[in-house]
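The structure under discussion appears below in the form of structure tokens.
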Amino acid sequence: MRKMFISLILPVSVIIIWTILTTFTGLIPSYFLPSPSEVLQSFETLLMNGQLVQDTSLTLMRVVLGLTVSALVGIPLGILMGWSNAVKDFSSLMVGIIRPIPPIAWIPFAILWFGVGLESAIFIIFVGSVFPILINTLDGVKRVDKVLLESAYTLGASNSQVLLKVAVPASLPSVVTGLKVGVGVGLMCTVAAEMIGSSSGLGYLIFTSTSMLDTGSAIVGMLTIGVIGLCADYLFSRIEKEVSW
Amino acid sequence: MCRLSFQQNREGGELVITLENITKSFIQEEKEHTSLQNINLNVNKGEFLCIVGPSGCGKTTLLRMIAGLDFPTNGRIFEGETEISCPSRERGYVFQQYSLFPWRNVLDNIAFGLEVKGLEEKERYQKARKYLKMVGLSQYESSSPKELSGGMKQRVAIARSLVNDPQVLLMDEPFSALDVQTRHKLQEELVRIWSEEQKTIIFVTHNVDEAIFLADRVVVLSHGPGKIIKTFNINLNRIRDRSTPEFLNLKKEITSLLEIEL
Ligand SMILES: Nc1ncnc2c1ncn2[C@@H]1O[C@H](COP(=O)(O)OP(=O)(O)OP(=O)(O)O)[C@@H](O)[C@H]1O
Ligand SMILES: [Mg+2]
């Protein structure tokens, strides 16, 4: 209760100051920064005409799809790289070179290869979120307590059983952390991709409304992304707690 | 066939573990550092053997080599007639650190060895429950390891090793993190289990009192490089009374032997 109160102080103060600056004193003109009531109005309009729901669900779908692809590639690859030094040596240079490239830099190629649409958005999200998932998984497998692995061997487990029954569950917390980071990056990538290579989604909403000086709608889009990120973070933190061993 | 001569000891008992002239060196900072030198040791079936020695004399290293988790630089180690080359369910190991799988409950921890062996769930749990009962933790079968005290964790670890019915149980200071009362209680339990199950146990400790309380035979290692300096046969009736003159004399003798070493 107390914690909730403390965490609310800052956002509420920001809204109050924002209201004072825009509505009551008029120090900031509305095309520069819309007042909270204008944002609320835009919110209502976007909600009533269904655009907000549509764009939000489109963005969410892209994030979920992109993240699924990342997880399907990143988790197994991370496990293998963490388990086998041969696999790690084989792939580490390649990973090391591709990883630092910002996902946004891939946008032109994504459009070239996949056109404007779902595929290229998924590609961008994949490029952005696969590495945090991969690296965290790899790290998790590498850092599994040696005594657990050795216990399993002395209890008669084979190599593959030790991998599947010990290394994988033991690294689950790191996998979840990787997914949590991946969601954040994925969300950023989606919006960036939508701004440039798409005609729908929250990124598109923000981009088009600002260009039409509808700053209220842009802020609604931004806040929606913020709320999605917050929820995803909360969800994964809960899962993290669940699997913290 | 050439190994038959090693198969029987003087009394004609069966040998479970044989160490032949074991030397173990590690390379540390580009210098070779010998931690065990010329260890010869026979362990008989059903024997309770304790290895004592000062910290860093190579007790863990020795036990790990018997388990197949590490390898001698020179010399050979046999289980029966077979040279040891890898870990096996026949050589159970109880670690000094807590080693339960934290994502499995107590019963599933104990059943792990049977699970990897491919036993049906019903049979697995039936056997696991038997050993859980043996260590007195039946009411904790669905607890998570997190919820157990240190002593309970080590009890579960012992049950987890025993469920495989191993030839030898290797134990590396399993009680060293526990308070005296708990340690004494677990020592008594271990002696009871050992005699009920007729196991061969090799138990490493730096606690002389513990060694005399438990063992048929106490092997004393010297410090750096570890060599066997003396072996004591303990012919006291179990469960042993720590306050008898025989117990105290042995304790004094072994302790002073170790103090010279330090
Ligand atoms: N993997 C390793 N690499 C290098 N040196 C090692 C390694 N393992 C053990 N040693 C060295 O071998 C010696 C014996 O170590 P070991 O752990 O077997 O001793 P110990 O008798 O079990 O000691 P303690 O009573 O403290 O557990 C030590 O000097 C240690 O530094
Ligand atoms: Mg040790």
Could the peptides B:19-30, B:92-103, A:219-230 be put in order, highest first, of the mean number of other beta-carbon atoms found within 10 Å of their residues?
B:92-103, A:219-230, B:19-30
What nm distance separates the two modelled labels at B:Ser149 and B:Asn40, each placed 7 Å from Cα along Cα→Cβ?
4.6
Work out the FRET efficiency for A:Met212 and A:Thr68 from their Cβ-Cβ distance, taking R0 = 45 Å, and round it to the nearest 0.05.
0.85
Using the beta-carbon distance between B:Phe26 and A:Leu27 and R0 = 56 Å, what value does 1/(1 + (r/R0)^6) give for FRET efficiency, to the nearest 0.05?
0.15
Cut-off under 19 Å on the C-alpha distance; same-chain residues fewer than 8 positions from A:Lys142 excluded. Which lysines are left, in chain and number order?
A:Lys88, A:Lys165
Cβ-placed point charges (K, R +1; D, E -1), dipole of the protein assembly as shown about Cα centre in debye, nearest 20
720
Going by the alpha-carbon gyration tensor, a ≥ b ≥ c the square roots of its eigenvalues, is region A:167-245 rounded (a/c under 1.5) or, if a/c is not under 1.5, prolate (a/b greater than b/c) versus oblate?
prolate
Starting from the Kirkwood Rh over alpha-carbon pairs, what translational D in µm² s⁻¹ does the protein assembly as shown have by Stokes-Einstein at 20 °C and 1.002 mPa s?
78
Across A:154-166, the residue-averaged tally of Cβ atoms belonging to other chains within 10 Å stands at 6
Skipping prolines and chain starts, which residues have an amide H placed within reach, meaning under 5 Å, of the one on B:Gly46, given they are 5 or more residues away or on another chain?
B:Thr200
Sequence-distant or interchain residues sharing an amide H contact under 5 Å with B:Ile17, placed H: which?
B:Val43, B:Gly80
Averaged over residues of A:236-245, the number of beta carbons from other chains lying within 10 Å of each residue's Cβ is 1
Using a 10 Å cut-off on Cβ to Cβ distances, tally the other chain neighbours for every residue of A:143-153 and report the average as a whole number.
6
Around B:Ile51, which amide H atoms from residues at least 5 apart in sequence, or from another chain, sit under 5 Å from its own amide H, with H modelled in the peptide plane?
B:Phe203, B:Val204, B:Thr205, B:Val219
Over chain A, the sum of -39500 (n - 2.57) across DSSP H runs of at least four, divided by residue number and rounded to 500 deg cm²/dmol, gives at 222 nm -26500 deg cm²/dmol
Label model pair A:Leu40, A:Ile20: point-to-point distance (7 angstrom along the Cα→beta-carbon line) in nm is 1.9
Could you tell me the calculated FRET efficiency between A:Val227 and A:Met94, based on Cβ-Cβ distance and R0 = 45 angstrom, to the nearest 0.05?
0.75
Quick one: check the C-alpha center-to-center distance for region B:32-102 versus region A:208-231, whole angstrom.
65
Could you check the spin-label model distance between B:Thr244 and A:Ser158? Points 7 Å from the Cα along Cα→Cβ, value in nm.
5.0
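Output needed for chain A: three equivalent-ellipsoid semi-axes, defined as square roots of 5 times the C-alpha gyration tensor eigenvalues, in descending order, whole Å. Could the numbers behind the result be given before it?
Values: eigenvalues 351, 106, 36 Å².
For chain A, the semi-axes come out at 42, 23, 13 Å.
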Which ³J(HN,Hα) values, rounded to whole Hz and listed in residue order, are derived for region A:29-34 from phi using the Karplus coefficients 6.51, -1.76 and 1.60 in 6.51 cos²θ - 1.76 cosθ + 1.60 with θ = phi - 60°, glycine and proline given as x?
x, 5, 6, 7, 8, x
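Leaving out ligands, DNA and RNA, what percent of the accessible area of the protein assembly as shown is carbon and sulfur, probe 1.4 Å?
Answer for the protein assembly as shown is 60 percent, counting heavy atoms of protein chains only.
The values are calculated or read from the model by the stated rules, or taken from the named source; none is laboratory data. Note that the structure is a prediction, hence the values are computed from the model and not measured. Counting neighbours? That spans all protein chains shown, and the Cβs are built from the backbone with ideal geometry, glycine included. Only protein heavy atoms, including side chains, enter the accessible area calculation; ligands, DNA and RNA are left aside. Shrake-Rupley method; radii C 1.70, N 1.55, O 1.52, S 1.80 Å.
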